[in-house]
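Novice: One structure, pasted below without further comment.
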Amino acid sequence: MSGRSRRARPAHLLSALTLSVALALTAASPATASPAAPPTAPATAKFPPGFMWGVATSGFQSEGSFPDSNWTRYADRKASGVTDPYGNSVDFRNRYPGDLKLAQGLGANVFRTSIEWARVEPRRGQRDPEALAYYDDLVRRIKADGMRPMLTLDHWVYPGWVADQGAWDNPRTQEDWLRNARFIVDRYKGQGVVWITFNEASSYIYKELAARPMDLGQMLKMRDALIRTHRAAYDMIHAVDPGAPVSSNVAYGSPVNGIFDAALFNDATDKLDFIGIDYYYGANLQNGTAAYALMGEFWKIDPEPEGLYYVLKNYQRRLPKLPIYIVENGMSTDNGKPRQDGYTRSDHLRDHIYWIQRAMADGVKMMGYNYWSLTDNYEWGSYRPRFGLYTVDALTDPSLARRPTDGVPTYRSIIANRGVPAGYVPVRKPGWCSVEDPVATCFGTTPTPPAAYRLAE
Ligand code: BGC
């Protein structure tokens with residue numbers, strides 16, 4: 001066995017069990033109801049000129065100097081899942097002009113972040129002029145640096161006073177949220193903003209369940225509140241900022257995707273201008289996804305780039321009229337250490353882009369792609385999983401220097417060349433029997449280019 005080949009893992013048994021459950025679940029899920037037609041030709045399509053290439057981050061995760069909020073409280077009291085103090089994160093709040101230049105240097109034409117409600121309105125009814133001046137300048141600079149702002153209105157963080165009134169348990173929060181959202185949309189309307197209402201409703205609910213925590217009744221209430229609020233926000237944004245695209249990005253949930261979609265997506269398909277998907281992990285009988293996810297060791301999961309191909313086709317089949325935007329895709333490393341199998345950030349990036357190109361060749365309508373993330377940041381309780389194209393030692397380097405990873409020149413060249421070249425052979429060989437398309441992948445119809453994959457199963 002070469003150093004690059006995989007070791008036998010006890011996790012396989014758990015994966016197999018999970019997969020059986022998943023197959024039962026996904027068989028009933030509309031997203032995977034009809035068998036995906038296996039790709040017939042090795043054709044890839046170049047990304048069109050003007051394609052939206054972005055980098056994504058969120059305010060709380062990167063800004064630092066953060067006001068009282070649900071998440072500063074979770075971090076302070078080491079809620080479930082929190083291991084590291086938040087500190088000053090990577091100080092995006094003060095370093096944003098330089099970080100925007102890094103994004104511009106990649107050739108990106110979209111910059112995604114969130115406008116943090118807790119910063120804008122730290123006390124009910126009182127807006128902080130300094131916070132507004134910061135966000136005004138941020139939006140102005142994103143545009144001046146040749147990028148289009150993609151602004152998230154809620155990336156899982158709300159002000160402390162909202163926590164005190166019972167968060168989403170309290171119907172008043174829906175009104176307060178919409179009032180703040182209207183103010184933000186009105187302030188940045190007419191500037192080409194792409195709006196995201198709620199980031200990953202399923203993970204939002206899950207994080208609140210674990211960290212706040214909530215019981216089942218509160219969870220169902222929160223789901224209901226997010227659906228209502230998204231639907232109202234969609235109409236509000238169209239009235240205030242006509243023509244601006246609006247969506248709520250779904251977290252792709254592999255074995256439990258049916259449950260993830262039930263958080264909001266299933267009840268919002270008529271209130272989306274594009275399908276926003278965050279794709280990180282796919283599960284198959286070889287990659288131990290479920291076991292590592294349960295242990296919180298996401299960096300150990302073997303990525304499944306080909307899963308993205310099936311996911312794109314499944315969602316496109318479900319909503320054929322809407323274009324798809326990959327709002328987030330990326331790979332974490334264990335505190336910046338290289339993966340044991342040698343799979344690099346560049347490999348990961350190129351392989352995913354390759355499979356998107358395959359999906360486009362099969363007719364999937366792609367609108368944009370964002371890499372998560374520009375820099376490492378606070379991964380909801382820990383600095384250990386590192387997703388950044390630029391790495392930052394948030395806990396140990398007081399200068400918070402941004403150091404480029406191998407992903408920087410790779411993403412730059414992908415953007416400049418509108419994808420990976422024809423004839424590119426993915427580094428990772430497709431896994432066997434994938435949740436993402438059991439029919440195609442268990443029965444050997446997965447596309448297999450004749451050339452050898454560098455990283456074989
Ligand atoms: C979230 C991000 C998170 C990323 C990596 C997504 O679920 O939107 O906030 O950092 O995944 O785990």
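Novice: Counting only protein heavy atoms, what percent of the accessible surface of the chain is carbon or sulfur at a 1.4 Å probe? Could you put the intermediate results ahead of the total?
Specialist: Values: 9800 of 16940 Å².
C and S fraction of accessible area: 58 percent.
Novice: I'd like the distance separating the alpha-carbon centroids of the range 174-208 and the range 306-355, in whole Å.
Specialist: Taking the Cα centre of each part, the range 174-208 and the range 306-355 sit 25 Å apart.
Novice: Using amide H atoms built in the peptide plane, which far-off residues or other-chain residues are under 5 Å from Arg148 H to H?
Specialist: Under 5 Å from the amide H of Arg148: Val110, Phe111.
Novice: Using the basic label-point model (7 angstrom from Cα toward the beta carbon), what is the Lys46 to Ser413 distance in nanometres?
Specialist: Inter-label distance under the simple model: 1.7 nm.
Novice: Under a point spin-label approximation (7 Å from Cα along Cα-to-Cβ), what is the Arg228-Arg172 distance to one decimal in nm?
Specialist: Calculated label separation equals 1.5 nm.
Novice: Take the Cβ-Cβ distance between Gln191 and Asp164 as r, set R0 to 22 Å, and report the resulting FRET efficiency rounded to the nearest 0.05.
Specialist: On the way: r = 33 Å, r/R0 = 1.52.
E(calc), rounded to 0.05, equals 0.10.
Novice: Still on this structure, please answer the following. Return the sequence-ordered ³J(HN,Hα) values of the range 320-325 in whole Hz as given by the Karplus equation 6.51 cos²θ - 1.76 cosθ + 1.60 applied to θ = phi - 60°, using x for Gly and Pro.
Specialist: Residue by residue, the range 320-325 yields x, 7, 8, x, 10, 10 Hz.
Novice: Hey, another quick one. Students often check this: by mean Cβ neighbours within 10 Å, which of 327-338, 349-360 ranks highest, and how do the rest follow? All intermediate terms of the calculation are to be shown ahead of the outcome.
Specialist: Numbers: 327-338: 20.2, 349-360: 24.4.
Highest-to-lowest ranking by the protection proxy: 349-360, 327-338.
Novice: Along Cα→Cβ, 7 Å out, is where each label goes; now give me the distance between the ones at Lys321 and Asn335 in nm to one decimal.
Specialist: 5.2 nm
Novice: Cα extents of the range 313-439 along the three principal axes, largest first, in whole Å?
Specialist: Principal extents (largest minus smallest coordinate, Cα): 49, 31, 30 Å.
Novice: List the lysines whose alpha-carbon lies under 27 Å from that of Lys46, not counting same-chain residues fewer than 8 positions away?
Specialist: Partners found: Lys101, Lys143, Lys313, Lys321, Lys365, Lys429.
Novice: Does a label point 7 Å from the Cα of Asn94, set along Cα-to-beta-carbon, have any residues of the range 376-405 with amide nitrogen under 11 Å, and which are they?
Specialist: Flagged as within label range: 399-400.
Novice: Can you tell me the FRET efficiency between Cys442 and Arg124 if r is taken as the Cβ-Cβ distance and R0 is 45 Å, rounded to the nearest 0.05?
Specialist: Approximately 0.25, to the nearest 0.05.
Novice: Amide H neighbours of Ser114 under 5 Å, at least 5 residues apart or on other chains, H built in the peptide plane: list them.
Specialist: Amide H neighbours of Ser114, under 5 Å, 5+ apart: Gly59, Thr152.
Novice: Over all directions, how big on average is the projection of the convex hull of the alpha-carbon atoms in the range 289-371, in square nanometres?
Specialist: Working: hull surface 23.7 nm².
Projected over every direction and averaged, the Cα hull of the range 289-371 covers 5.9 nm².
Novice: Quick check for me: using +1 on Lys/Arg Cβ and -1 on Asp/Glu Cβ, what's the dipole size of the range 134-256 about its Cα centre, in debye to the nearest 20? Intermediate values should be presented prior to the final figure.
Specialist: On the way: 15 positive and 15 negative charges, 51 e Å.
Using Cβ point charges on Lys, Arg, Asp and Glu, the range 134-256 gives about 240 debye.
Novice: Taking the chain, how much of its Cα-Cα pair set, in percent, is spaced more than 33 angstrom apart?
Specialist: Numbers: 32611 of 104196 pairs.
Taking all Cα-Cα pairs of the chain, the fraction more than 33 Å apart is 31 percent.
Novice: Dipole of the chain, Cα-centred, from +1 at each Lys and Arg C-beta and -1 at each Asp and Glu C-beta, to the nearest 20 debye? Working shown, then result.
Specialist: Values: 52 positive and 48 negative charges, 170 e Å.
Taking the Cα centre of the chain as origin, the dipole is about 820 debye.
Novice: As a test of reading the structure, rank Phe260, Phe198 by solvent-accessible area (1.4 Å probe, protein chains only), most first.
Specialist: Numbers: Phe260 65, Phe198 0 Å².
Final ranking, largest accessible area leading: Phe260, Phe198.
The values are calculated or read from the model by the stated rules, or taken from the named source; none is laboratory data. As the structure is a prediction and not an experimental result, all values here were calculated from the model. Positions of Cβ are backbone-derived with ideal geometry, glycine not excepted, and every protein chain shown enters the neighbour counts. Accessible surface is based on the protein model in full, side chains and every heavy atom, while ligands, DNA and RNA are left aside. Shrake-Rupley method; radii C 1.70, N 1.55, O 1.52, S 1.80 Å.
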